[in-house]
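Student: Got a structure for you, written out below as structure tokens; questions coming shortly.
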Amino acid sequence: MRRMRTVALGAAALVMLVLAGAAFAASLNTYKASVTLKQNGAGSPKKPVALGLVETLGAAPATPGNANADPLTNITLTLPKVTFHAAGFPVCSVATIAKARNDAKCPARALVATGPVSAALWGPSTPTMKGYACDPVLDVWNAGRGKLTYFFKIPPGHTCAGLSTGAVAPWTGSLREVHGALVNDTPLPPDVSTNAGNIGLYSSLEAEKLTFVKRTETVKHHTFAFLSSVGCVKGSRPFTVTYTATNGTTKQTSSVKGTAKC
């Protein structure tokens, strides 16, 4: 009898461990992502072609009963056979925007991407209550040498839980080339994630549509594109969007893979 009880207790403990492991492995959020390319031909390393793209992102809560996705702390887009050339393009730095508390004084041609964002701001202790609506516009500026300056603005007709442009400081992201692929890394600092607007709320990304402009500049009689295609992969362009999220105690990273017409 004692042996049976021991076996039963052991089986119960094993079930608890399995359940705990399943709970630990469960995703904080569910994600979607798509990429649409704007280019004239595939291009090649010797004859690159200017590239524009539209990146559409989305997140939703994976935990039953939660009304909001957990905050994101990083988003990374990877595109093979894409290069960038920032030299010779106008720049706008984090310091410039931070001083003015807006990006109105940035050179117009330094803007490399822009688009609307739909988010919700909510209290960490009330995950089942729908957050306050927040729909800013995200501007992305060339900051030189593979650096990007990100800035949320709240223009007329937009709202964000009573916040105004300048409540969130500009921050830095990056472009780099890794093994023949462009990697756009966007860390999300606390005031756009776990301390949104510096008012102690969590921010949940619901949807984002970011358009990278097909931007070119002529330097010493040579025309360069900010982003260029140097080929396709079997007639298409695979992409990977990697999301990192946190619920305050657990950090998890998930990837969405897909292909775009090239």
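Student: Can you give me the relative contact order of the chain as a percent, contacts being Cα pairs under 8 Å and 6 or more apart?
Tutor: Normalised by residue count, the contact order of the chain is 29 percent.
Student: While we're here: Note the angle between two axes, namely the Cα long axis of helix 2-25 and the longest principal axis of the Cα atoms of the chain, as a number of degrees from 0 to 90, rounded to the nearest 10.
Tutor: Tilt of helix 2-25: around 20 degrees.
Student: When the chain is fully extended, how far beyond the present Cα-Cα distance does residue 133 get from residue 250, taking 0.36 nm per residue of separation?
Tutor: Length gained between residue 133 and residue 250: 39.6 nm.
Student: Let me ask you something else. Kindly list the residues of segment 142-161 that lie in the label zone of residue 219, defined by a backbone N under 16 Å from the point 7 Å along the Cα-to-C-beta vector.
Tutor: Answer for this model: 142-148.
Student: Please compute the net charge surrounding residue 202, taking Lys and Arg as +1 and Asp and Glu as -1 over other residues with Cβ under 15 Å from its Cβ.
Tutor: Value of the local net charge: -1.
Student: Then there's this: Translational diffusion coefficient, Stokes-Einstein: compute it for segment 31-261 using the Kirkwood radius over C-alpha pairs as Rh, at 25 °C and 0.890 mPa s, and state it as an integer in µm² s⁻¹.
Tutor: Using the Kirkwood radius from Cα pairs, D works out to 134 µm²/s.
Student: Set the Förster radius R0 to 25 Å, insert the Cβ-Cβ distance between residue 199 and residue 56 as r into 1/(1 + (r/R0)^6), and round the FRET efficiency to 0.05.
Tutor: Efficiency computed from Cβ-Cβ geometry: 0.35.
Student: Sticking with this structure for a sec: Using packing as a proxy for protection, rank 71-84, 190-203 so that the peptide with the highest average count of other Cβ atoms within 10 Å comes first.
Tutor: Top of the packing list down: 71-84, 190-203.
Student: Hey, another quick one. For segment 31-261, what is the charge dipole size about the Cα centre, in debye to the nearest 20, if Lys and Arg each add +1 at the Cβ and Asp and Glu each add -1 at the Cβ?
Tutor: Charge dipole, segment 31-261, about its Cα centre: 920 debye, nearest 20.
Student: Within the set 47/261; 46/234; 47/147; 47/81; 153/257; 105/153, which residue pairs have Cα atoms separated by over 22 Å?
Tutor: 47/147; 153/257
Student: Where does the chain land at 222 nm, in deg cm²/dmol rounded to the nearest 500, when only DSSP H runs of n ≥ 4 count, each adding -39500 (n - 2.57), divided by all residues?
Tutor: Using -39500 (n - 2.57) per qualifying helix, the result is -4000 deg cm²/dmol.
Student: If you don't mind, there's one more thing I want to ask. For segment 26-165, calculate the relative contact order in percent as a whole number, restricting contacts to Cα pairs under 8 Å that are 6 or more residues apart.
Tutor: The value is 19 percent.
Student: Related question: If we count every other residue with Cβ under 13 angstrom of residue 34's Cβ, Lys/Arg +1 and Asp/Glu -1, where does the sum land?
Tutor: Around residue 34, the surrounding residues sum to +3.
Student: Taking the Cβ of residue 142 as the center, what net charge do the other residues with Cβ under 9 Å away carry, scoring Lys and Arg +1 and Asp and Glu -1?
Tutor: +3
All of the numbers you see were taken from the coordinates with simple rules; none came from a lab. Note that the structure is predicted; figures quoted are calculated from it, not measured. Counting neighbours? That spans all protein chains shown, and the Cβs are built from the backbone with ideal geometry, glycine included.
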